[in-house]
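Let me begin by presenting the structure, written as structure tokens, before commenting on it.
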Amino acid sequence: MRPEKHLTRSAPSTVQATTIASSLLTVQTPGRGFTDLTSESTKFIQDVHARDGALTLFIRHTSASLTIQENADPSVLVDLTTALSRLAPENAGWTHDTEGPDDMPGHVKTMLTGTSLQIPVLHGKLGLGTWQAIYLIEHRMRPHRREVVLQFIGSNQ
């Protein structure tokens, strides 16, 4: 097998993880849709004087989730909401409907999208791409108060 000529990799860098900093972010969602958490995540990284390491976000709910998606064209978020609704529609004959017809589809959508993210922190900045943003996805129709744990592990020197 020949080595790939179109791949390049920077030299590895090493830091000693000297800091673990945590915070609880409370988000009031307007109902179904995406809420951008990028600026709050960036502020947290600045507040803890993060240098190099990893930021973990964890949502403490089962009918809302987290994702990294495009932030340039708002129609992407509209199309993603449509896709999730098609994958887990409210009228699919779910058995679990104690909290309403949008609850079980919310659980399925959370399973598909996830409850945690990990983002590299490089030289004091989130290692996101140019068009990437961090979003909380509310899967329920009505507004909810959601909690997201932010945790930085790494160096702040």
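The values are calculated or read from the model by the stated rules, or taken from the named source; none is laboratory data. Owing to the predicted nature of the structure, the values given are computational and were not obtained by experimental measurement. Cβ sites come from the backbone with ideal geometry, for glycine too, and all protein chains shown count toward neighbours. Accessible surface is based on the protein model in full, side chains and every heavy atom, while ligands, DNA and RNA are left aside. Shrake-Rupley method; radii C 1.70, N 1.55, O 1.52, S 1.80 Å.
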- Query: Would region 83-92 turn up any residue that is under 17 Å from the mean Cα position of the chain (by Cα) and either closer than 15 Å to Gly33 by Cβ or surrounded by 12 or more Cβ atoms within 10 Å (Cβ to Cβ) (or both)?
  - Reply: yes
- Message: Which numbered condition in (1) aliphatic (A, V, I, L, M); (2) closer than 30 Å to Ser155 by Cα; (3) open to solvent by 50 Å² or more (accessible area, probe 1.4 Å) is the only one that Ala72 fails?
- Response: (2)
- Name the single residue, out of those in region 35-57 being among the small types (Gly, Ala, Ser) and either touching a residue at least 24 places away in the same chain (Cβ under 8 Å) or surrounded by 11 or more Cβ atoms within 10 Å (Cβ to Cβ) (or both), that is nearest to Met141 (Cα to Cα). Ser41
- Message: Any residue in region 117-130 that is of a type outside the set (A, V, I, L, M, F, W, C) sitting within a Cβ distance under 9 Å of a residue that is open to solvent by 90 Å² or more (accessible area, probe 1.4 Å) and not in a loop (DSSP other than H, G, I, E, B)? List the pairs, counting only those 6 or more apart or interchain.
- Response: Gly124/Gln46
- Item | Hits in region 97-138 (condition: farther than 22 Å from Val15 by Cα, touching a helix residue (DSSP H, G or I) at 6+ places or on another chain (Cβ under 9 Å), open to solvent by 60 Å² or more (accessible area, probe 1.4 Å) and modelled with pLDDT of 95 or more) | Leu112, Gln132
- Single match in Arg60, Arg32 (criterion: among the basic types (Lys, Arg), surrounded by 14 or more Cβ atoms within 10 Å (Cβ to Cβ) and either within 15 Å of Ile119 (Cα to Cα) or touching a strand residue (DSSP E or B) at 6+ places or on another chain (Cβ under 9 Å) (or both)): Arg32
- Note on the structure: Of the residues in region 139-157, those that are open to solvent by 30 Å² or more (accessible area, probe 1.4 Å) and outside any loop (DSSP other than H, G, I, E, B) come to Arg145, Glu147, Val149, Gln151, Ile153
